Amino acid sequence: MRIFICDDDTSISLLLSQYIQGFFKKNKLACPEILCYTSGEELLSDTTEKDIVFLDIEMPGLSGIYTGRKLKQADNNVIIFIITSYMEYLDEAMQFHVFRYLSKPLDKKRVLRNLKDALLLYNSSVKRIPVETKDRIYTIRSSDIISIEAYDSKSVVYTTDGKYMSVDNIQHWAKKLDMPCFFAPHRSFIVNMEHVSDFGHTTISLCNGRFTAYLARRKYTKFKEAYFLYLESTR
């Protein structure tokens with residue numbers, strides 16, 4: 001994971017860095033790489049992958065609104081925090097689906113609470129997952145996984161970009177995908193609720209009917225509850 005802070009006020013960047021480092025230390029987690037920039041131009045010139053970005057609105061040169069739009073165009077999965085004293089920019093910022101809007105002066109408790117939410121989102125939808133096949137190992141985003149189906153002692157991983165014949169069994173994937181958006185509706189299937197189109201008492205339709213998974217009747221109620229909770233969490 002890589003976290004970026006872009007603010008022309010270096011004292012804000014330093015404070016945020018301290019908050020972030022303290023959060024990971026307190027929770028006994030390895031701290032990710034934190035990179036700081038003072039302008040939108042500098043941030044956009046860095047073409048490396050960005051997972052979480054804290055972005056100031058009012059900066060010399062490119063505005064945070066323009067910079068944020070460019071970041072989302074390059075990678076729609078990037079998690080963006082807008083930081084500003086100017087609330088009038090909220091509507092524009094929401095147009096490119098920022099994750100949270102943090103006002104200055106920064107409130108430490110609010111920053112850390114929202115950072116925790118961002119990490120949960122990252123781990124449930126942006127996390128990169130290795131898929132080992134007979135010939136190669138591929139790295140894919142968890143959000144791109146549509147479903148996984150057991151196949152003898154192996155499994156088939158269906159993604160938005162195609163399918164992979166994994167050497168690992170369905171039990172391996174049940175442990176690997178221990179995230180709120182994944183559910184095992186049947187002993188032979190795991191589904192990503194992000195891609196669920198509709199479901200009945202025995203089947204689940206994904207990606208507008210392109211894929212189907214079995215739903216055990218005894219799991220129908222639990223799946224329905226989990227699906228509604230998932231939808232509520234994404235509002």
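The values are calculated or read from the model by the stated rules, or taken from the named source; none is laboratory data. This one's a predicted model, so the numbers in the text were calculated from it and none came from an experiment. Using ideal geometry, Cβ is built from the backbone for each residue, glycine included, and neighbour counts are taken over all protein chains shown. Each accessible area value is taken on the protein alone, full model and side chains, heavy atoms only, with ligands, DNA and RNA left out. Shrake-Rupley method; radii C 1.70, N 1.55, O 1.52, S 1.80 Å.
Looking only at segment 114-132, residues that are open to solvent by less than 20 Å² (accessible area, probe 1.4 Å) and outside any helix (DSSP H, G or I) come to 2 in all. For the structure I just gave you, tell me whether A226 is of a type in the set (A, V, I, L, M, F, W, C), surrounded by 14 or more Cβ atoms within 10 Å (Cβ to Cβ) and over 19 Å from the mean Cα position of the chain (by Cα). No.
Scoring E194 on the criteria (1) modelled with pLDDT of 95 or more; (2) open to solvent by 50 Å² or more (accessible area, probe 1.4 Å) leaves a single failure, condition (1).
Per the conditions (1) open to solvent by 70 Å² or more (accessible area, probe 1.4 Å); (2) more than 20 Å from the chain's Cα centre (by Cα); (3) at pLDDT below 90; (4) closer than 21 Å to V98 by Cα, the sole criterion not satisfied by E49 is (2). Can you find, within segment 78-95, the residue that is least open to solvent (accessible area, probe 1.4 Å) among those that are modelled with pLDDT under 80 and not aliphatic (A, V, I, L, M)? Per the criteria, the residue is Y89.
Determine whether I34 is in a strand (DSSP E or B), touching a Ser or Thr at 6+ places or on another chain (Cβ under 7 Å) and either surrounded by fewer than 20 Cβ atoms within 10 Å (Cβ to Cβ) or modelled with pLDDT under 90 (or both). So I34 passes the test.
Taking each residue of segment 148-162 that is closer than 13 Å to S188 by Cα and open to solvent by 70 Å² or more (accessible area, probe 1.4 Å) and looking for partners that are assigned to a strand (DSSP E or B) and of a type in the set (A, V, I, L, M, F, W, C) with beta-carbon atoms closer than 7 Å, six or more apart or interchain, yields K154/M165.
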